[in-house]
Amino acid sequence: MNLDFSQIVPSIPFILKGIGATLQFVSVSIIVGLVLGTILALMKITNKKWLKWPADIYTSIFRGTPLILQLIIIHFGIPQLFEYDIPVFMSAVLAFGLNSAAYVSEIIRAGIMAVDKGQIEAAEALGIGYRPMMFNIILPQAWKNILPAMMNEFITLTKESALVSTIGYMDIMRRAEIVGAQIYRNLEPLLFAGLIYWVMIFILTNIGSWVERRMRQSD
């Protein structure tokens, strides 16, 4: 096979710097998605239609369109509409955070619905308000049920983070592409980037499995 990894050895530190850049925007995105997704989930389970409908429409839009389309619209559309040159990092966080929120909201909603209705009835009988009941009683119980799905969402975001290379964000994928253009050999740096992603996902998967086991033992 016509493979020569020795040519990318001098560029390995350059590619590895993309790990920090990738984890940085993915971590911020998952926080945005978690906060917004929780709000959307609470809007979906309410009986007030003026809260439920916007949340359902939001979820439908962001789950029904490709993430890369959302990324490009945010990065190139905002400057056109508002004459504001949005930074690449902010574009990545907005696109991934808003997209993740749609999926997280469904995960949290399902987790809340899985909690025994007797818990809600008991809280209402004790005169506990909706907000403290939800945040102090229901959500902590739902969290145990949704943790595996949340970890899977974080892993999915990490894998899909390679899409930000299309808008010039200096992540692992973008750096591998730059190295390939410099040495006129694309396969080797791309295979190396693939190895990095695999190691990252392997570590995250094992962390998720460990946390899940600990939570089961605590029950």
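The values are calculated or read from the model by the stated rules, or taken from the named source; none is laboratory data. This is a predicted model, so every value here is computed, not measured. Note: ideal-geometry Cβ built from the backbone for every residue, glycine included; neighbour counts use all protein chains shown.
Which of the residues belonging to region 191-219 are at pLDDT below 85 and either surrounded by 14 or more Cβ atoms within 10 Å (Cβ to Cβ) or in a helix (DSSP H, G or I) (or both)? Once the filter is applied, which keeps residues that are at pLDDT below 85 and either surrounded by 14 or more Cβ atoms within 10 Å (Cβ to Cβ) or in a helix (DSSP H, G or I) (or both), region 191-219 yields Gly208, Ser209, Trp210, Val211, Glu212, Arg213, Arg214, Met215, Arg216, Gln217, Ser218.
In this structure, Arg174 does satisfy being under 23 Å from Thr22 (Cβ atoms), modelled with pLDDT of 85 or more and either surrounded by 17 or more Cβ atoms within 10 Å (Cβ to Cβ) or not aromatic (Phe, Trp, Tyr) (or both).
Screening Ala92 with (1) within 22 Å of Leu163 (Cβ to Cβ); (2) at pLDDT below 80; (3) among the small types (Gly, Ala, Ser) gives one miss only, at (2). One residue alone among Gly18, Gly37 is touching a Ser or Thr at 6+ places or on another chain (Cβ under 6 Å) and at pLDDT below 95, and that residue is Gly37.
I want to confirm something. Restricting to region 179-190 and keeping residues that are within 15 Å of Pro13 (Cα to Cα) and free of Cβ contacts under 8 Å to residues at least 60 places away in the same chain, which single residue is surrounded by the most Cβ atoms within 10 Å (Cβ to Cβ)? Looking at the filtered set, the residue picked out is Gly180.
Taking region 22-54 as the range and being of a type in the set (Ser, Thr, Tyr) and over 9 Å from the mean Cα position of the chain (by Cα) as the test, the residues that pass are Thr22, Thr38, Thr46. If I filter region 45-55 down to residues being surrounded by 14 or more Cβ atoms within 10 Å (Cβ to Cβ) and at pLDDT 90 or above, which single residue comes out as nearest to Ile107 (Cα to Cα)? Among them, the one singled out is Ala55. Filter the helices (runs of 4 or more DSSP H) completely within region 72-180 down to those with at least 2 residues that are touching an Asp or Glu at 6+ places or on another chain (Cβ under 7 Å). Those helices (runs of 4 or more DSSP H) span 88-114, 139-160.
When Ile167 is tested against (1) out of contact with any His (no Cβ under 9 Å at 6 or more places or on another chain); (2) closer than 30 Å to His75 by Cα, only condition (1) is not met. Scanning region 181-190 for residues that are outside any helix (DSSP H, G or I) and not hydroxyl-bearing (Ser, Thr, Tyr) turns up Arg185, Asn186.
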